[in-house]
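The values are calculated or read from the model by the stated rules, or taken from the named source; none is laboratory data. As the structure is a computational prediction, the values presented were derived from the model and not from experiment. Ideal geometry is used to build each Cβ from the backbone, glycine not excepted, and the neighbour counts take in all protein chains shown. In case anyone asks, the SASA skips ligands and DNA or RNA and just uses the protein heavy atoms, side chains included. Shrake-Rupley method; radii C 1.70, N 1.55, O 1.52, S 1.80 Å.
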Amino acid sequence: MATTSSSLKQILGDLNKDSFVTLLGKLIGESKYVQTNPPELIPEEDRIVNHVLETLLPYSTTTGGGPLVINHVTYKLKRGNLIVEYPGTQPGKILSFVGMHMDVVTANPNDWEFDPFSLSIDGDKLRGRGTTDCLGHEALVAELMRRLGETKPQLKSTVVAVFIASEENSSIPGVGVDALVKDGLLDKLKQGPLFWIDTADKQPCIGTGGSIPWKLHITGKLFHSGLSHKAINPLELAMEALKEIQSRFYRDFLAHPKEKVYIFTTPSTMKPTQWFYPGGGINQIPAECTVSGDVRLTPFYRITISFDEASSGVACDLNSHGFHVLCKATKEEVGHVKPYSITGTLPLIRDLQDEGFDVQTSGYGLMATYHAKNEYCLLSDMCQGYRVFASVISQLEV
């Protein structure tokens, strides 16, 4: 007998806090070894895969203990991806949770108030590198799939979870979701909404910005500052040149009308973020300097630029059934829905969108601790995230 939408939420129930925290503790315990900063630090995502497999294999077809179909896909040694499928009964009816990545940004223990590489608990706070981005989501979706495998509800929809390698750094291609897409392993996910679980603050993130690094090198003429008529000051020249470049940029890229629709907090920007010069005495005009920065471009503009490798922004489809389902689930379980957009960059999402996937994004960590020192998430937020997932699956059964 098919499971009804209302009964499914009861079957899935609430997040098993003890099981979730236990798994998260194991994952954070591996976070030191999944830091990414090539070539010095190459993450070993299979350390995370092994713990997720330990949780899910007892409910898989691999062991005969359940319905979960598990595919461990590896393109580079020790750097696997994991595709977990709970089969539905209706062909072509599918939804997926993707983007829970197993690498983390670096952390210096000397800068933290607690050990970043072990899980610590302070009331509702779950603390450690990866709790918000993105090992917390790894454990959360693993718990959802475990519960499906354990309770075996009869669903029309196939539910797929894709735990990915290599999200934080793109300098080594062909490791994570890019390779999975190239090999066609995610093709069937195009038949339904794809929920990218790697943002924060419990609300749908409906837009991101593109990023274009730039560099402006100025050559002047070195001389004593007391005889400035014999010098060409590259610092002053850089400031004047940048002023003109920025003026032209803001004339050409005015606030776009769709930025209000997508609730972008920040419009397109071009600004310096770094300044280099060879050094010398304070009474010496240097011979050269370099100013570097980035352009952050909302996804409604398209430009071609050859400064450095550019990445495009994303505007999620606001008419998508997946978007409306996510909003309704958020309102039900969080109490309100307030989609937002940021000019942070998520290039993998744009790549999926260009390949024909209906990508919607959300996440249940905290934006305030994203890539930050003293990272943490809230257990209560993760519990709400679990119920949002259950609501999404339930709604899509109709």
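Are any residues in segment 263-285 over 18 Å from SER211 (Cα atoms) and either open to solvent by 50 Å² or more (accessible area, probe 1.4 Å) or in contact with a Gly (Cβ under 9 Å, 6 or more places away or on another chain) (or both), and if so, which ones?
Residues satisfying the conditions are ILE263, TRP275, PHE276, TYR277, PRO278, GLY280, ILE282, ASN283, GLN284, ILE285.
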Do we find a residue being within 30 Å of LEU222 (Cα to Cα) and either of a type in the set (A, V, I, L, M, F, W, C) or not in a strand (DSSP E or B) (or both) anywhere in segment 288-305? yes
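Residue-by-condition table, conditions (1) aliphatic (A, V, I, L, M); (2) in contact with a Lys or Arg (Cβ under 7 Å, 6 or more places away or on another chain); (3) part of a strand (DSSP E or B); (4) open to solvent by less than 50 Å² (accessible area, probe 1.4 Å):
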position	(1), (2), (3), (4)
LYS328	no, no, no, no
GLY344	no, no, no, yes
ILE349	yes, no, no, yes
THR361	no, no, yes, yes
ALA368	yes, no, no, no
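Do the conditions hold for PHE300, that is, is it open to solvent by 30 Å² or more (accessible area, probe 1.4 Å) and either modelled with pLDDT under 95 or more than 17 Å from TYR364 (Cβ to Cβ) (or both)? Working first, answer last.
Working: open to solvent by 30 Å² or more (accessible area, probe 1.4 Å): yes; either modelled with pLDDT under 95 or more than 17 Å from TYR364 (Cβ to Cβ) (or both): yes.
Yes; evaluated as a whole, the condition is true for this residue.
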Could you grab the pairs with beta carbons closer than 6 Å, sequence gap of 6+ or different chains, first residue in segment 1-21 and touching a residue at least 24 places away in the same chain (Cβ under 8 Å), second one open to solvent by 70 Å² or more (accessible area, probe 1.4 Å) and outside any helix (DSSP H, G or I)? ALA2/GLN154; THR3/GLN154; SER5/VAL398
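Out of LYS156, LYS215, LYS202, LYS182, I need the residue that is open to solvent by 10 Å² or more (accessible area, probe 1.4 Å), in contact with a helix residue (DSSP H, G or I) (Cβ under 9 Å, 6 or more places away or on another chain) and either free of Cβ contacts under 8 Å to residues at least 24 places away in the same chain or not aromatic (Phe, Trp, Tyr) (or both). Which one?
Working: LYS156 fails: in contact with a helix residue (DSSP H, G or I) (Cβ under 9 Å, 6 or more places away or on another chain); LYS215 fails: in contact with a helix residue (DSSP H, G or I) (Cβ under 9 Å, 6 or more places away or on another chain); LYS182 fails: in contact with a helix residue (DSSP H, G or I) (Cβ under 9 Å, 6 or more places away or on another chain).
Going through LYS156, LYS215, LYS202, LYS182 in turn, just one is open to solvent by 10 Å² or more (accessible area, probe 1.4 Å), in contact with a helix residue (DSSP H, G or I) (Cβ under 9 Å, 6 or more places away or on another chain) and either free of Cβ contacts under 8 Å to residues at least 24 places away in the same chain or not aromatic (Phe, Trp, Tyr) (or both): LYS202.
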Only listed residue being modelled with pLDDT of 95 or more and in contact with a Leu (Cβ under 7 Å, 6 or more places away or on another chain), chosen from VAL105, VAL84: VAL84
Just to be sure I understand, how many residues within segment 65-119 are within 30 Å of ALA390 (Cβ to Cβ), without any contact (Cβ under 8 Å) to a residue 40 or more places away in the chain and touching a strand residue (DSSP E or B) at 6+ places or on another chain (Cβ under 7 Å)? 3
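Any residue that is under 17 Å from VAL162 (Cα atoms), surrounded by fewer than 22 Cβ atoms within 10 Å (Cβ to Cβ) and of a type in the set (Gly, Ala, Ser) - is there at least one of those in segment 12-19?
So the first thing to find is which residues in segment 12-19 are under 17 Å from VAL162 (Cα atoms), and the list is none.
No, that holds for no residue.
Looking only at segment 82-124, which residues are hydroxyl-bearing (Ser, Thr, Tyr) and under 30 Å from GLN191 (Cα atoms)? Steps first, please.
At the first step, the residues of segment 82-124 found to be hydroxyl-bearing (Ser, Thr, Tyr) are 86, 89, 96, 106, 118, 120.
TYR86, THR89, SER96, listed by residue number.
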Among the candidates ARG146, ARG129, residue that is in contact with a Pro (Cβ under 7 Å, 6 or more places away or on another chain) and either open to solvent by 10 Å² or more (accessible area, probe 1.4 Å) or assigned to a loop (DSSP other than H, G, I, E, B) (or both): ARG129
Write out, first by first residue and then by second, each pair whose Cβ atoms fall under 8 Å of each other, whose residues are 6+ apart or on separate chains, and whose first residue, in segment 318-331, is among the basic types (Lys, Arg) while the second is assigned to a helix (DSSP H, G or I). LYS328/SER391; LYS328/GLN395
Residue that is part of a loop (DSSP other than H, G, I, E, B) and in contact (Cβ under 8 Å) with a residue 60 or more places away in the chain, where the choices are VAL392, VAL337, VAL388: VAL337
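Evaluate the following for TYR250: is it open to solvent by less than 40 Å² (accessible area, probe 1.4 Å), modelled with pLDDT of 95 or more and either under 23 Å from CYS205 (Cα atoms) or not hydrophobic (A, V, I, L, M, F, W, C) (or both)?
Working: open to solvent by less than 40 Å² (accessible area, probe 1.4 Å): no; modelled with pLDDT of 95 or more: yes; either under 23 Å from CYS205 (Cα atoms) or not hydrophobic (A, V, I, L, M, F, W, C) (or both): yes.
The answer is no for TYR250.
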